[in-house]
Amino acid sequence: MAPLKILICGGGCAGPSLAFWLARAGHRVTIVERFPALRASGAQIDIRAQGIEVVKRMGLIDVVRSKVVDEAGMSMVDANNTPKATVLANKTGKGAQTVTSEFEIMRGDLVRILYDATKDDVDYIFGVTVERFEQYEDHVEVHFSDGRTDTFDLLVGADGQGSRIRKAIQPADAPEPYRRLGMYMFYWFVPRAEMDTNLAKAYHCPGGRVVMSRSHSPTEAQAYFAFRDESEETRSILKGSVEQQKEFVTQKFRGAGWQTDRFLEGLKTTENFYCQEIVQVRTDTWYKNRVVLLGDAGYCPSPLSGMGTTAGFFGAYVLAGEINRNSEDLPQAFANYEKTLRPFIDEIQVFNKSFLRCMFPDTQWGVSIMHFIMGTICFLRIPELVARFSSEERGGWKLPDFSSSVQDQQV
Ligand SMILES: Cc1cc2nc3c(=O)[nH]c(=O)nc-3n(C[C@H](O)[C@H](O)[C@H](O)COP(=O)(O)OP(=O)(O)OC[C@H]3O[C@@H](n4cnc5c(N)ncnc54)[C@H](O)[C@@H]3O)c2cc1C
């Protein structure tokens, strides 16, 4: 196999995972990340199902385990902090994960782990992006934002859900790639208080709103404020300044009860603030000639699925395997990648929007009914039992066997 010269646009989770496998197979890999430094920020993310097996094959499971957040499970609480329903994590090492994965990790920690595992073999260029590119029969010519031009055998768009590489390869008349789930999420870090334990807590209040807390360190906790909303007006808030976004969420939640006012106080001084519309990315094709999409850029399943990082790991593993197998015929490699991965992505993107109406009710009466139903289900330990006796792999899809290629032989 002749080594290829490969450019990955996006140094989040999926891009460096792909770089890991490609560099091991001897390819020359460059990652451009538009952020001026390693973007090791974000809140808690989880690795589940096939993602755990990929991390094991990367040989990184111990270092990931050393950084996992100690989260015992998640409780729904009322305004007095009284638990109404609690789902514990499945830490038996068998079966599937519950709402709290055995591998909850701060995004920043995972990004750093992936960077450390690749930085000696991969060229990272920060503060630079792909301005435009042209495809030729045997190469891609890339023009960077710093004025340089270079040629590569292939270009990978791993630039997240708002991917510019995706926009560049989609036909002009392609349908909008976002499936909007009608929900927004704002999150930030606050100083940890005595009541913050290793149980994540969710407080539902009328108006389709929920306030969640999770604790990841002895000094800090994470506050999540989410709500159902389909209006165009709210979407425009995401284009406003951080101050406008903070003011919006303050107005939306002030006086909602439980820990809301404490978290809103912390919002004034937090240095970690992020907000997003909850969307899925769905496109008809993930590649065009020598340019291919990976992770959220091609198939974001939304944070509500808990599968975004896993999809990135699984996708990176399959894409690298197919590139190694078909390095002389990249369109074939990409077609195989899409054929193998799409059934898995279709499954994790199954999402019934009416489920959100049930889980985030409009009225206090609705919240009480939801608590009663969830309390009964959790009292019977149904979520833990279902997880314990489910297959670890989502949908039963096994990771493909690339043992005949260089990929798995060196691990
Ligand atoms: C700052 C941040 C915080 C996040 N926090 C959470 C969270 O708390 N919970 C959660 O479930 N998910 C979060 N996510 C999303 C989560 O990381 C992904 O869903 C998942 O890990 C899949 O990873 P990905 O690499 O495909 O996308 P991402 O992790 O989003 O990585 C994409 C990378 O591409 C870079 N990029 C974007 N545009 C360009 C460009 N034009 N040129 C070059 N580089 C570009 C971004 O800066 C980022 O580093 C966050 C993402 C980011 C970027």
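Structure data summary
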read-out	value
Any chance Leu293 is aliphatic (A, V, I, L, M) and free of Cβ contacts under 8 Å to residues at least 24 places away in the same chain	no
Residue count for the range 289-328, restricted to those that are outside any helix (DSSP H, G or I), near the ligand (Cβ under 8 Å from one of its atoms) and small (Gly, Ala, Ser)	2
Any hit, the range 271-284, residues being assigned to a helix (DSSP H, G or I) and in contact (Cβ under 8 Å) with a residue 12 or more places away in the chain	no
Residues satisfying the stated conditions in the range 62-104, i.e. touching a residue at least 40 places away in the same chain (Cβ under 8 Å), closer than 15 Å to Ala49 by Cβ and not acidic (Asp, Glu)	Val64, Asn90, Lys94, Gly95, Ala96, Gln97, Thr98, Val99, Thr100, Ser101, Phe103
Some residue of the range 260-267 being at pLDDT below 95 and β-branched (Val, Ile, Thr)	no
When residues of the range 104-120 are limited to those that are aliphatic (A, V, I, L, M) and over 28 Å from Leu88 (Cα atoms), the one nearest to the ligand (Cβ to nearest atom)	Leu114
The range 16-45, subset closer than 19 Å to Glu131 by Cβ, in contact with a Gly (Cβ under 7 Å, 6 or more places away or on another chain) and open to solvent by less than 40 Å² (accessible area, probe 1.4 Å), residue farthest from the ligand (Cβ to nearest atom)	Ile31
Residue match in the range 244-257 (condition: within 19 Å of the chain's Cα centre (by Cα) and of a type outside the set (Gly, Ala, Ser))	no
Any hit, the range 274-287, residues being over 19 Å from Ile8 (Cβ atoms), of a type in the set (A, V, I, L, M) and touching a Gly at 6+ places or on another chain (Cβ under 9 Å)	yes
Number of the condition not met by Lys5 [criteria: (1) buried (at least 20 other Cβ atoms within 10 Å of the Cβ); (2) away from the ligand (no atom under 14 Å from the Cβ)]	(1)
Per-region count, the range 296-353, residues open to solvent by 10 Å² or more (accessible area, probe 1.4 Å), in contact with a strand residue (DSSP E or B) (Cβ under 6 Å, 6 or more places away or on another chain) and hydroxyl-bearing (Ser, Thr, Tyr)	1
Flag if Glu71 is among the acidic types (Asp, Glu) and open to solvent by less than 20 Å² (accessible area, probe 1.4 Å)	yes
Among the candidates Val130, Val142, residue that is open to solvent by less than 20 Å² (accessible area, probe 1.4 Å), more than 9 Å from the ligand (Cβ to nearest atom) and modelled with pLDDT of 95 or more	Val142
Only one of Met185, Met212 that is in a strand (DSSP E or B), open to solvent by 20 Å² or more (accessible area, probe 1.4 Å), within 13 Å of the ligand (Cβ to nearest atom) and touching a helix residue (DSSP H, G or I) at 6+ places or on another chain (Cβ under 7 Å)	Met185
Residues within the range 148-178 that are of a type in the set (D, E, K, R), away from the ligand (no atom under 11 Å from the Cβ) and out of contact with any strand residue (DSSP E or B) (no Cβ under 8 Å at 6 or more places or on another chain), tallied	3
In the range 267-295, the residues that are under 23 Å from Gln222 (Cα atoms) and open to solvent by 10 Å² or more (accessible area, probe 1.4 Å)	Lys268, Thr269, Thr270, Glu271, Asn272, Phe273, Tyr274, Cys275, Gln276, Glu277
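The rows are residues; the columns are (1) open to solvent by less than 30 Å² (accessible area, probe 1.4 Å); (2) closer than 22 Å to Ala316 by Cα; (3) away from the ligand (no atom under 13 Å from the Cβ).
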| residue | (1), (2), (3) |
| --- | --- |
| Val122 | yes, yes, yes |
| Asp146 | no, no, no |
| Arg180 | no, no, yes |
| Cys205 | yes, no, yes |
| His216 | no, no, no |
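The values are calculated or read from the model by the stated rules, or taken from the named source; none is laboratory data. Treat the numbers as computed from the prediction; the structure is a model and nothing was measured. Glycine gets a Cβ as well: all are built from the backbone with ideal geometry, and neighbour counts include every protein chain shown. Just the protein is used for accessible areas: all its heavy atoms, side chains included, with ligands, DNA and RNA removed. Shrake-Rupley method; radii C 1.70, N 1.55, O 1.52, S 1.80 Å.
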